[in-house]
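The values are calculated or read from the model by the stated rules, or taken from the named source; none is laboratory data. Since we're looking at a predicted model, the values are computed, not measured. We place every Cβ from the backbone using ideal geometry, glycine too, and count neighbours over all the protein chains shown. Surface areas here come from the heavy atoms of the whole protein model, side chains and all, with no ligands, DNA or RNA. Shrake-Rupley method; radii C 1.70, N 1.55, O 1.52, S 1.80 Å.
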Amino acid sequence: MCLNFHTNSAEETISLGTKIGNLLKPGDIIAMQGTLAAGKTTITKGIAQALGITEDITSPTFCLISEYEGKMPLYHMDVYRLEGGEDFIDLGVEDLIYGKGVSIIEWSEKVMEELPKKTIILKLEAVEGTTERNITITNWPHGEIN
Ligand SMILES: Nc1ncnc2c1ncn2[C@@H]1O[C@H](COP(=O)(O)OP(=O)(O)O)[C@@H](O)[C@H]1O
Ligand SMILES: [Mg+2]
C-alpha cells in the first residue's frame with residue numbers, strides 16, 4: 001500500500017508520526033528518506049510518542065544508534081556517516097532489525113541493499129521556501145492511516 005500526506009508544520013508532522021506509530025508492530029522497519037531538515041527526526045518524535053517513549057528523541061547523527069524503551073524498543077539509527085551497507089552490518093545492526101523492536105533508519109538510501117523486502121519506506125520532501133512537506137509511505141502493511 002502507498003499513502004501520501006502533506007503537512008504544514010513540525011507539529012503536524014509529529015501528529016502524523018503518532019498515527020503511524022500507533023499502527024506499528026514489533027519487527028517493523030522504517031527506512032526514512034529525505035535530505036537534511038526534511039523532517040526525519042521530527043516524524044520519529046511522533047512515532048516514539050505513540051510507542052509510549054517519554055524520553056526526548058534527539059538526532060542520532062553522532063551516536064549512530066539510539067535505543068529507547070517503550071511498549072516495545074525503538075532503535076533509531078542515522079547512517080549518514082557510513083560509507084554503505086558493509087559498515088552498516090559491521091555496526092551489528094542485524095540483531096536490531098531482525099529483533100522485536102521497531103527500527104527507524106535515517107539516510108537509509110545508503111544501506112537499502114541490507115534491508116529486508118518488508119521494509120516500509122517513508123520519504124519526506126520539503127517544498128522549497130515553505131514549511132510544507134510531502135510525505136509518502138510505500139510498502140505499508142497496516143491499512144489506512146487516519
Ligand atoms: N512540515 C514540517 N514537518 C517537519 N519539520 C518541519 C516542518 N516545517 C518545518 N519543519 C522544521 O524542519 C526541521 C526538520 O528537522 P529534522 O526533523 O531534524 O530533519 P532531518 O532529521 O530530516 O534532518 C525542524 O527544524 C522542523 O521544526
Ligand atoms: Mg535527523
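Rolling a 1.4 Å probe over the protein heavy atoms gives the chain an accessible area of 50 Å² per residue. Counting other Cβ atoms within 10 Å of each Cβ, which GluC sites (Glu not before Pro) in the stretch 2-105 have at most 11 and sit in a DSSP loop? Sparse-neighbourhood loop GluC sites (Glu not before Pro): GLU55, GLU83.
Backbone phi angles across the stretch 7-16, fed through the Karplus curve with coefficients 6.51, -1.76 and 1.60 (θ = phi - 60°), yield HN-Hα couplings of 10, 10, 7, 4, 4, 5, 5, 5, 5, 5 Hz in residue order; Gly and Pro are listed as x.
A cut-off under 12 angstrom between Cβ atoms defines the neighbours of LEU16, and their net charge, with Lys, Arg +1 and Asp, Glu -1, is +1.
With a sphere of radius 14 Å drawn around the Cβ of ASP90, what net charge do the other residues whose Cβ falls strictly inside it have (Lys, Arg +1; Asp, Glu -1)? Once all neighbours under 14 Å are counted, the net charge is -4.
Placing unit charges on the Cβ atoms only, positive for Lys and Arg and negative for Asp and Glu, gives the chain a dipole magnitude near 520 debye about its Cα centre. Counting Lys +1, Arg +1, Asp -1, Glu -1, what net charge surrounds LYS25 among other residues with beta carbon under 13 Å of its beta carbon? Around LYS25, the surrounding residues sum to +2. Counting protein heavy atoms only, the stretch 10-122 has 51 percent of its accessible area on carbon and sulfur, 1.4 angstrom probe. From the cross-link list LYS25/LYS110; LYS71/LYS117; LYS71/LYS110; LYS45/LYS117; LYS19/LYS45, which pairs have alpha carbons spaced over 21 Å apart? Where the Cα-Cα span goes over 21 Å, the pairs concerned are LYS25/LYS110; LYS71/LYS117; LYS71/LYS110; LYS45/LYS117. Assuming 1.002 mPa s and 20 °C, estimate D for the stretch 1-107 with Stokes-Einstein, Rh taken as the Kirkwood radius over Cα pairs, in µm²/s. D, rounded to a whole number, is 153 µm²/s. Each Cα pair under 8 Å and six or more residues apart adds its sequence gap; the mean of these over the residue count of the chain is a relative contact order of 35 percent. Qualifying chymotrypsin sites (Phe, Trp or Tyr not before Pro) in the stretch 65-146, where qualification requires a DSSP coil assignment and no more than 16 other C-beta atoms within 10 Å, comprise TYR80, TYR98. Which residues in the stretch 1-36 place their backbone N less than 20 Å from a point set 7 Å from the Cα of THR130 along the Cα-to-Cβ direction? Under 20 Å, as judged by backbone N against the label point of THR130, lie 3-17, 34-36 of the stretch 1-36. Figure note: LYS25, LYS123 ranked by solvent-accessible area, largest first, 1.4 Å probe, ligands and nucleic acids not counted: LYS25, LYS123.
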